[in-house]
Amino acid sequence: MPITDSAAILSVLFLVIAVTDWLCKKTFLRHAGTALMVILFTALVANLGIIPASTPSTPVYDGIFGYVAPLSIFWMLLNINLSSLKLAGKPMLMMFAIGSFATMAGAFVAMLILDGPVKIGDLYYAIGGMYTGTYTGGSINFNAVAINYKVSKEGGLFAAATVADNLISTIWVVATLVIPKFIHYKFPKYGRRAKKATDEEIKRHKPEESEPIRPLDLAIIFFLGLGAMELSKWLAATIPVIPNIIWLTTLALLLAQIPFINQLKGHKTMGILSIYLFLAVVGAYCDIPALIKDGQLALTLLAFVTILIIVHGIIVYGLGALLKQDIDIISIASQANVGGTATAMALAKSLNRNELVLPGILVGALGNASGTYLGIFMSEIFKSIGG
């Protein structure tokens with residue numbers, strides 16, 4: 001008999017998050033990533049009957065989907081200062097824009113080749129948008145599009161989509177490291193033309209590993225988050241053609257441009273914790289036997305992402321070469337698209353291009369800001385074509 005008390009269910013979810021985060025920091029599981037492991041570990045706990053699965057409906061799960069999930073998106077976006085993008089430089093911004101277009105093209109080609117409505121199912125359009133969003137600027141967009149189209153309540157589909165995303169993202173990290181090294185070895189003419197950022201600029205924009213949290217900051221962060229949620233609901237009801245998540249994303253980005261709000265401490269920590277809590281509930285909705293049984297869906301999603309990333313790579317490296325861009329800048333911009341800020345920063349360091357760390361961080365932030373818009377745009381395109 002599973003636990004039914006809401007407080008007890010929450011305590012189990014938080015325990016799973018704590019244990020998973022520790023394991024992913026201290027053991028070999030760090031290679032799989034905390035987000036995926038939270039889903040899988042919670043799925044295991046739910047399938048063992050310790051906490052409820054998707055049915056019957058559980059109030060605590062509904063509350064997390066309704067409030068915590070959108071709040072996680074809002075809080076994570078408060079860190080983005082768009083005015084600093086000028087420091088990224090025109091070459092990096094241009095290649096990032098090309099990479100975003102390449103992702104959209106890749107999703108479109110993959111949907112056509114695989115006949116998405118047939119092979120993926122009723123939510124094919126949302127899956128296409130989720131992959132467009134995450135390969136424009138990271139997993140925050142993957143989650144936002146999933147929330148908008150309620151894919152998060154389809155635990156098996158969401159888990160399979162996450163596995164495919166993590167696998168191909170990891171492969172692309174290796175590819176974007178190997179390709180420029182190979183090109184430099186074979187074609188030494190590709191010089192290093194980037195302007196060097198100062199250590200102070202890099203430190204100022206580098207994502208913090210941890211941040212101090214004060215009650216005052218938390219009170220303001222919760223006020224802004226809950227207030228923005230209510231305002232976005234009202235705006236979506238008033239102008240229904242624009243989804244609620246788009247209004248919420250836009251409000252977050254506007255507020256993030258106010259220095260006082262942008263510099264509040266705690267919104268990143270609360271955002272990450274909220275994302276993990278949301279993913280834990282996604283895991284609870286995941287029927288492991290059904291997921292294993294429906295291996296064909298997982299293979300289809302893996303094929304979808306593989307086609308997408310191949311098209312992305314051909315376009316971004318092809319156009320980058322035609323435009324005679326620095327191969328390292330091409331790779332870092334592409335990694336900012338596919339993996340986000342953290343992997344773009346890591347790639348710049350791995351290529352010994354410390355002067356590209358800051359531009360990589362900044363275009364990664366731009367991807368966080370733009371991916372949800374492009375993801376929902378492509379979802380609606382797929383829906384109109386498929387319908």
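The values are calculated or read from the model by the stated rules, or taken from the named source; none is laboratory data. None of these values were measured; they are calculated from a predicted model. For neighbour counting, all protein chains shown are included, and Cβ atoms are generated from backbone atoms with ideal geometry for every residue, glycine included. With ligands, DNA and RNA removed, areas are computed over all heavy atoms of the protein, side chains included. Shrake-Rupley method; radii C 1.70, N 1.55, O 1.52, S 1.80 Å.
General remarks:
- Qualifying residue in segment 206-218 (condition: open to solvent by less than 80 Å² (accessible area, probe 1.4 Å) and at pLDDT 90 or above): yes
- Annotation: Thr238 fulfils all but one of (1) of a type in the set (S, T, N, Q); (2) closer than 29 Å to Leu216 by Cα; (3) surrounded by fewer than 21 Cβ atoms within 10 Å (Cβ to Cβ); the unmet one is (2).
- Residue-level analysis places Phe65 outside the set of residues that are open to solvent by 30 Å² or more (accessible area, probe 1.4 Å), in a helix (DSSP H, G or I) and not acidic (Asp, Glu).
- Residue in segment 41-58 that is farther than 27 Å from Ala164 by Cα and of a type in the set (A, V, I, L, M) present: yes
- Residue under evaluation Val19, criteria (1) at pLDDT below 90; (2) under 25 Å from the mean Cα position of the chain (by Cα), criterion not met: (1)
- Looking across Asn262, Asn244, Asn352, one residue alone is over 16 Å from the mean Cα position of the chain (by Cα), farther than 26 Å from Leu44 by Cα, open to solvent by 10 Å² or more (accessible area, probe 1.4 Å) and at pLDDT 90 or above. It is Asn244.
- Pair list, Cβ < 6 Å and 6+ apart or interchain, from segment 326-349 residues that are free of Cβ contacts under 8 Å to residues at least 24 places away in the same chain to residues that are of a type in the set (Val, Ile, Thr) and part of a helix (DSSP H, G or I): Ala344/Ile332; Ala348/Ile332; Ala348/Val357
- When we screen Thr42, Thr20 for residues that are within 17 Å of Gly155 (Cα to Cα), in contact with a helix residue (DSSP H, G or I) (Cβ under 6 Å, 6 or more places away or on another chain) and among the hydroxyl-bearing types (Ser, Thr, Tyr), the only hit is Thr42.
- Tally, over segment 100-123, of residues that are of a type in the set (Phe, Trp, Tyr) and under 20 Å from Ile246 (Cα atoms): 1
- Filter result for Thr34 (open to solvent by less than 20 Å² (accessible area, probe 1.4 Å), among the polar types (S, T, N, Q) and closer than 23 Å to Ala160 by Cβ): no
- Leu224 at pLDDT 95 or above, open to solvent by less than 40 Å² (accessible area, probe 1.4 Å) and within 22 Å of Gly375 (Cβ to Cβ): no
- Index of the failed condition, Gly121 passing every other in (1) under 17 Å from the mean Cα position of the chain (by Cα); (2) touching a residue at least 60 places away in the same chain (Cβ under 8 Å): (1)
- Qualifying residue in segment 75-83 (condition: in contact (Cβ under 8 Å) with a residue 40 or more places away in the chain, assigned to a helix (DSSP H, G or I) and farther than 26 Å from Leu226 by Cα): no
- Residue among Leu319, Leu358, Leu323 that is in contact with a helix residue (DSSP H, G or I) (Cβ under 9 Å, 6 or more places away or on another chain), buried (at least 18 other Cβ atoms within 10 Å of the Cβ) and in contact (Cβ under 8 Å) with a residue 40 or more places away in the chain: Leu358
- Helices (runs of 4 or more DSSP H) (entirely within segment 88-193) containing at least 1 residues that are touching a helix residue (DSSP H, G or I) at 6+ places or on another chain (Cβ under 7 Å) and at pLDDT below 90: 124-137, 139-148, 155-186
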